[in-house]
Amino acid sequence: MVSPTPVRHAVVVEDDADIRGLLVLVLEQLDFVVTEAPDGLSGVEAVRRTNAELVTLDINLPDIDGMEVCRRLREFSDAYILMLTARADEIDRLNGLDTGADDYINKPFSPKELQARIRALFRRARTPAPAAEDTGQSDELARAAVVQQSLLPRETVRLDGYDVAGAFRPSRSVGGDFYDWYQTRDGMHLTFADAMGKGMGAALIAATVRAVMRSVADTPEIDAAFGSASATITSDLDQSGSFVTMFHARLDSASGTLSYIDAGHGLALHVPAEGEARRLVSAGPPVGILEDQLWPASELELEPGDSLVIVSDGVLDAHASLDEFQRNVEKVARSGATSDDVCAALLELAPASTAEDDVTAVVVRRKPNAAL
């Protein structure tokens, strides 16, 4: 008989209803039972009532501020407390974490970064031995793994002046990671996505996303194509209570212009031949969070020697901080002779022996001798 998984409780203390809803979805994907609190006093009472193991705590609340909430919680609770803030002066105050909080994250936040921070907090505690897995669950994971592998592109991108590669390593639990690409008359289209959840459910959502994104390939403008696809995807996600983070891009190979939309993914980096790498900022929340959401498109120029590097949160999870993650990804991107080499090294940043999630990487490098 399989031992039941221990129930973990979390409390979300946040006055903004949209952000609170996003936080609830993110935590439920980590298998927390979540209680919502729109102000500080009700948050303190919710933690006391549920004996929560985790609290996400906004600083700016309508009654007492988050600092005071944190102080009161520490009088009776040893829950992990993750503070959320949107102001630089508050970040300065939190840097020392003198409030009793365990970590902080600034708004707007990436759901993947938030989940990575939470996993890191809970890794500090003793990890219980994994429960035995029944045959039915093993069969479902095997079927999900087959679906997930079938989503990866079979064709190789062969663009003059470019070196394109991808790599994927599934976790034992099988998630919703996938990447897809195909050549076009002008260059290539690329999608990198993660359907939140595990097992067959996440794999089937990922399959739907891939099919829908391919169906809008002929729509001329990337923002119109993404908007149409996201509307279709959101209607399917409503039934599952899930959401999908996505990075979608279109490359004009002759000019090196890359048009892209980042919907809550936040783990794509532009690594120039000269100068520091920069993380491409999300244009909005994941698909499936808000109805009628629009995501503006952005552009960057891939000059000769530049690389676009996209990774999944399995790589982020292996790092103690976002800064460390970005430094290591940039170092790997500059050290590999080919995009295949870089992808292999990126997966090694999250060793299979310790990784808790799928690990995926895609690299698009414009060769140094490419003509301007």
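The values are calculated or read from the model by the stated rules, or taken from the named source; none is laboratory data. The structure presented is a predicted model; accordingly, all values stated were derived computationally and were not measured. Don't worry about glycine lacking a Cβ; one is built from the backbone with ideal geometry, like all the others, and counts go over all protein chains shown. Heads up: the accessible areas ignore ligands, DNA and RNA and are worked out on the full protein's heavy atoms, side chains in. Shrake-Rupley method; radii C 1.70, N 1.55, O 1.52, S 1.80 Å.
How many residues, within the stretch 295-354, are over 18 Å from the mean Cα position of the chain (by Cα), hydroxyl-bearing (Ser, Thr, Tyr) and surrounded by fewer than 19 Cβ atoms within 10 Å (Cβ to Cβ)?
5
Any residue at all in the stretch 53-63 that's without any contact (Cβ under 8 Å) to a residue 40 or more places away in the chain and farther than 26 Å from residue 291 by Cβ?
yes
Tell me which of these residue 234 doesn't satisfy, since it passes every other one: (1) of a type in the set (Ser, Thr, Tyr); (2) surrounded by 17 or more Cβ atoms within 10 Å (Cβ to Cβ); (3) outside any helix (DSSP H, G or I).
All conditions are met except number (3).
Assess whether residue 317 counts as being touching a helix residue (DSSP H, G or I) at 6+ places or on another chain (Cβ under 9 Å), within 16 Å of residue 223 (Cβ to Cβ) and of a type in the set (D, E, K, R).
On the way: touching a helix residue (DSSP H, G or I) at 6+ places or on another chain (Cβ under 9 Å): yes; within 16 Å of residue 223 (Cβ to Cβ): no; of a type in the set (D, E, K, R): yes.
Here the answer is no, as residue 317 does not meet what is asked.
Spot the failing condition for residue 89; the list is (1) at pLDDT below 90; (2) more than 27 Å from residue 193 (Cβ to Cβ); (3) open to solvent by less than 20 Å² (accessible area, probe 1.4 Å), and only one is missed.
Here residue 89 clears every test but (3).
Being within 20 Å of the chain's Cα centre (by Cα) and of a type in the set (Ser, Thr, Tyr), is that true of even one residue in the stretch 247-255?
So the first thing to find is which residues in the stretch 247-255 are within 20 Å of the chain's Cα centre (by Cα), and the list is 247-249.
Subset that is of a type in the set (Ser, Thr, Tyr): none.
No, the conditions are met nowhere in the stretch 247-255.
Does residue 217 fit the bill of being assigned to a loop (DSSP other than H, G, I, E, B), open to solvent by 20 Å² or more (accessible area, probe 1.4 Å) and under 30 Å from residue 334 (Cα atoms)?
The answer is no for residue 217.
From the residues in the stretch 237-271 that are in a loop (DSSP other than H, G, I, E, B) and under 15 Å from residue 111 (Cβ atoms), which one is modelled with the highest pLDDT? Let's see the steps before the verdict.
Residues of the stretch 237-271 that are in a loop (DSSP other than H, G, I, E, B), as a first pass: 241-243, 253-256, 265-267.
Next, from what is left, pick out any that are under 15 Å from residue 111 (Cβ atoms): 241-243, 265-267.
Values: 241: 65, 242: 73, 243: 84, 265: 88, 266: 89, 267: 92.
Among those that are in a loop (DSSP other than H, G, I, E, B) and under 15 Å from residue 111 (Cβ atoms), it is 267.
Within the stretch 6-14, is there a residue that is outside any helix (DSSP H, G or I), modelled with pLDDT under 90 and more than 18 Å from residue 113 (Cβ to Cβ)?
Yes; the residues of the stretch 6-14 include at least one that is outside any helix (DSSP H, G or I), modelled with pLDDT under 90 and more than 18 Å from residue 113 (Cβ to Cβ).
Taking the options 359, 332, 315, name whichever one is modelled with pLDDT of 85 or more and closer than 29 Å to residue 254 by Cα. Before you say what the answer is, go through the steps one by one.
Values: 359 fails: closer than 29 Å to residue 254 by Cα; 315 fails: closer than 29 Å to residue 254 by Cα.
Selected residue: 332, the only one of 359, 332, 315 that is modelled with pLDDT of 85 or more and closer than 29 Å to residue 254 by Cα.
Across the stretch 179-214, what is the total count of residues that are among the hydrophobic types (A, V, I, L, M, F, W, C), outside any helix (DSSP H, G or I), in contact with a Ser or Thr (Cβ under 8 Å, 6 or more places away or on another chain) and modelled with pLDDT of 85 or more?
The qualifying residues number 4.
Evaluate the following for residue 353: is it out of contact with any Lys or Arg (no Cβ under 9 Å at 6 or more places or on another chain) and of a type in the set (Ser, Thr, Tyr)?
On the way: out of contact with any Lys or Arg (no Cβ under 9 Å at 6 or more places or on another chain): yes; of a type in the set (Ser, Thr, Tyr): yes.
Here the answer is yes, as residue 353 does meet what is asked.
Just checking, does the stretch 279-286 include any residue being outside any strand (DSSP E or B) and in contact with a helix residue (DSSP H, G or I) (Cβ under 8 Å, 6 or more places away or on another chain)? Please lay out each step first, then the result.
Filtering the stretch 279-286 down to residues outside any strand (DSSP E or B) leaves 280-283, 285-286.
Restricting the remaining residues to those that are in contact with a helix residue (DSSP H, G or I) (Cβ under 8 Å, 6 or more places away or on another chain) gives 285-286.
Checked the stretch 279-286: at least one residue is outside any strand (DSSP E or B) and in contact with a helix residue (DSSP H, G or I) (Cβ under 8 Å, 6 or more places away or on another chain).
Can you find a residue in the stretch 272-282 that is at pLDDT 95 or above, among the polar types (S, T, N, Q) and closer than 19 Å to residue 226 by Cβ?
no
What pairs can you find where one residue is in the stretch 69-83 and over 9 Å from residue 44 (Cβ atoms), the other is among the polar types (S, T, N, Q) and open to solvent by less than 20 Å² (accessible area, probe 1.4 Å), and their Cβ atoms are less than 9 Å apart, with a gap of 6+ or different chains?
81/56; 82/56; 83/56
Determine which single condition residue 266 fails, assuming it passes every other condition in (1) surrounded by fewer than 21 Cβ atoms within 10 Å (Cβ to Cβ); (2) in contact (Cβ under 8 Å) with a residue 40 or more places away in the chain; (3) farther than 18 Å from residue 342 by Cβ.
That leaves (1) as the condition not met.
Could you please find all residues in the stretch 18-61 being under 12 Å from residue 82 (Cβ atoms) and open to solvent by 30 Å² or more (accessible area, probe 1.4 Å)?
Residue satisfying the conditions is 53 alone.
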